[in-house]
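Chemist: Take this structure, written in structure tokens, and hold onto it; I'll ask about it next.
The values are calculated or read from the model by the stated rules, or taken from the named source; none is laboratory data. It should be emphasised that the depicted structure is a prediction, and the values quoted were computed from it without experimental measurement. Neighbour counts run over all protein chains shown; Cβ positions are idealised from the backbone, glycine included. When the accessible area is computed, the model is the full protein with side chains, heavy atoms only, and any ligands, DNA or RNA have been set aside. Shrake-Rupley method; radii C 1.70, N 1.55, O 1.52, S 1.80 Å.
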Amino acid sequence: MRRRTPTAGLALALFAAVTTTLTTTAASAAPAPVSAAPALVAAAPDISVTNVQAHLTQLNTIATNNGGTRRAGSAGYTASVSYVKAKLQAAGYTVTEQYCSACTYPSNNLIAEWPQGPADQVVMFGAHLDSVSAGPGINDNGSGSGTLLENALVLAQQNPSMTKRVRFAWWTDEEQGLNGSEFYVNSLSATQRGYIKGYYNFDMVGSTNGGYFINRLTSTTAAPLKAYWDSLNLQPEENVEGQGRSDDYSFQQAGIPTSGYAAGASARKTSAQATKWGGTANVAYDSCYHRSCDTTSNISATVLNRSADGVAYAIWQLAVGGGTPTNDFSVAVSPTSGSIARGGSTTATVSTATTSGSAQTVSLSATGAPSGVTVSFSPSSVTSGGSATMTVSASATATTGTFTITVTGAGSVTRSAAYTLTVTGTGGCTGGQLIGNSSFESGSAPWTASSGVITNSSSQAARTGSYKAWLDGYGSTHTDTLSQSVSIPAGCSSYTLSFWLHIDSAETTTSVAYDKLTVQVGSTTLATYSNLNKASGYAQRSFNLAAYAGQTVTLKWTGVEDASLQTSFVVDDVTLQVG
């Protein structure tokens, strides 16, 4: 959500919101608030918040790999568009990219239309995909983008009969002034604008201290969004903070009726709201708004889940055909990937769920396994709502590499899920200690470290020998890194990373982490330590790396020190013991 609030045209927007509806007939001039959930035209699906969070993880990784941001026009934004586009195209959407030449940072809007329903009766759902330059923008607005992406994928998977055409949009350059959505609306002819019966915007729908806000709460357009949150007794409020600050404003200006969900930005939660919704009074709804800490940690799964399910409810209310629901089910695999060595095996759980109609018998099968790999299910068929164990086994001569196995459930319809399998060339467990030069006594190799980190300086004692890795300790703004790439074999029963850490600090605070040490495997953070953890002597830290069996990963320690009062992070005797 952008920071500044425009004022021009609000009268037109409010007039449109209370005088138009999502039907082709005229609405009353002052539609009454909806206080109870109307009967569903068809059963709306439950949107998996885990799947939405998986999209947020991907967007966070994209930012990490592209300078820490997904700002419009940046490499991080382009990669975000590619990620969303690939998912939608695979699901069967008609997907177009629209180049916004008038944007502050020229870049592409992404438009995806489900090719069912009348083309002149469109319900549109949008979210901005760009972040500010300061960070990855996972709540603002990966949360809205991921929510719409998962809803789009579920709609495609269920493929219900449609009474209206559903169009999804991911906007660029919102943070610079709603430029992407404004460019899109201005590109439409009057006839094309008339086809859009309602636009719904989702900007920051997972705030950690969030509230439940709806744009134009009492309008007819807002009715399905309000009805769903009313059914949860959430007592939503008008989105006062967000008025005119997100992409719905571009549609309001064109006379298109709008609404949407929001969970709040930098405004503070009131005592009454904290009593009603939980959370902390007099604290911002999102304390990481427009900051680098707007990462996957800056998300309330509860708020995100309620928003995602509310979107599904609105889609089904507004655009899905009625009648007796078709018997249908879903298929999922957990975990979604696995690694085995030749001669080995692994298992996963295949879960099914009845998504509409009645339960039915589902027969399970798999395709896509390489030569020498077999996939079996126990039991081989289940009643939807049940689960089975999938066993994947590789012979001694199985083809090595990474493969996508499609797990299919066949009943009155056919549904599938993907499982990624990696087959490695050797079997059994090659145990032992994998870290090279684990005590730093043999120079720097195979470590990669900032200048001066690996040292025998007597100012900080090693735990054993003379050498250790000493990160920071300068008493000024400074960053040090230490890393080593390690190939972790498959087939072992234990994978334990251990190191000894001494933290010495001149900081006197007992509450503020000024200086930090982050420990990572790949892009995953294992732990973060700070000046608050200072203590005399060394303490051993240990982690289970079984999830990385069969992979080559980089272990990395990053020390970041602020402008004053030194903190030294001293690492010694690093081991990765497998067996």
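Chemist: Kindly provide the set of residues from segment 440-473 that are among the aromatic types (Phe, Trp, Tyr) and under 23 Å from Asp562 (Cβ atoms), ordered by number.
Modeler: The answer is Trp470, and nothing else.
Chemist: Okay, next question. In segment 235-249, how many are open to solvent by 10 Å² or more (accessible area, probe 1.4 Å) and either in a loop (DSSP other than H, G, I, E, B) or over 25 Å from Glu182 (Cβ atoms) (or both)?
Modeler: Number of matching residues: 8.
Chemist: Against the condition outside any helix (DSSP H, G or I), open to solvent by less than 50 Å² (accessible area, probe 1.4 Å), touching a Lys or Arg at 6+ places or on another chain (Cβ under 9 Å) and closer than 25 Å to Ile340 by Cβ, how does Leu576 come out, does it pass?
Modeler: It is false that Leu576 is outside any helix (DSSP H, G or I), open to solvent by less than 50 Å² (accessible area, probe 1.4 Å), touching a Lys or Arg at 6+ places or on another chain (Cβ under 9 Å) and closer than 25 Å to Ile340 by Cβ.
Chemist: Follow-up question, since we're still on this one. Got a number for residues in segment 212-234 being under 25 Å from the mean Cα position of the chain (by Cα) and either closer than 18 Å to Ala274 by Cβ or open to solvent by 40 Å² or more (accessible area, probe 1.4 Å) (or both)?
Modeler: Summing the residues that are under 25 Å from the mean Cα position of the chain (by Cα) and either closer than 18 Å to Ala274 by Cβ or open to solvent by 40 Å² or more (accessible area, probe 1.4 Å) (or both) in segment 212-234 gives 6.
Chemist: Can you name the residue in segment 35-47 that is modelled with pLDDT under 95 and open to solvent by less than 40 Å² (accessible area, probe 1.4 Å) and, of all such residues, is nearest to the chain's Cα centre (by Cα)?
Modeler: That would be Pro45.
Chemist: Please return the ranges of strands (runs of 3 or more DSSP E) entirely within segment 69-179 where 3 or more residues are in contact (Cβ under 8 Å) with a residue 60 or more places away in the chain and under 22 Å from the mean Cα position of the chain (by Cα).
Modeler: 107-113, 122-128, 165-171
Chemist: Now a separate question. Does Ser438 satisfy the condition of being assigned to a loop (DSSP other than H, G, I, E, B) and in contact with an Asp or Glu (Cβ under 8 Å, 6 or more places away or on another chain)?
Modeler: Here the answer is yes, as Ser438 does meet what is asked.
Chemist: Okay, moving on. Kindly indicate which of Thr422, Thr406, Thr479, Thr400 is open to solvent by 30 Å² or more (accessible area, probe 1.4 Å), within 30 Å of Gln360 (Cα to Cα) and either touching a residue at least 24 places away in the same chain (Cβ under 8 Å) or touching a helix residue (DSSP H, G or I) at 6+ places or on another chain (Cβ under 6 Å) (or both).
Modeler: Matching residue, one of Thr422, Thr406, Thr479, Thr400: Thr406.
Chemist: Have a look at Thr349, Thr275 and point out the one that is of a type in the set (Val, Ile, Thr), surrounded by fewer than 21 Cβ atoms within 10 Å (Cβ to Cβ) and closer than 30 Å to Gln235 by Cβ.
Modeler: Thr275
Chemist: If the Cβ limit is 6 Å and pairs must be 6+ apart or interchain, which residue in segment 545-562 that is over 16 Å from Trp470 (Cα atoms) pairs with which residue that is open to solvent by 50 Å² or more (accessible area, probe 1.4 Å) and part of a strand (DSSP E or B)?
Modeler: Thr552/Ser487; Thr554/Ser485
Chemist: Just one of Gln158, Gln116, Gln98, Gln89 is open to solvent by 20 Å² or more (accessible area, probe 1.4 Å) and touching a Phe, Trp or Tyr at 6+ places or on another chain (Cβ under 7 Å); which is it?
Modeler: Gln98
Chemist: Taking segment 54-85, which residues are more than 13 Å from Leu149 (Cβ to Cβ), open to solvent by 20 Å² or more (accessible area, probe 1.4 Å) and among the aliphatic types (A, V, I, L, M)?
Modeler: Answer for segment 54-85, where residues must be more than 13 Å from Leu149 (Cβ to Cβ), open to solvent by 20 Å² or more (accessible area, probe 1.4 Å) and among the aliphatic types (A, V, I, L, M): Ile62, Ala75, Ala79.
Chemist: Can you find a residue that is part of a strand (DSSP E or B) and polar (S, T, N, Q) anywhere in segment 408-415?
Modeler: Within segment 408-415, one or more residues are part of a strand (DSSP E or B) and polar (S, T, N, Q).
Chemist: Oh, and also: Among the residues of segment 514-536, how many are open to solvent by less than 60 Å² (accessible area, probe 1.4 Å) and either farther than 23 Å from Ser459 by Cβ or outside any loop (DSSP other than H, G, I, E, B) (or both)?
Modeler: 11
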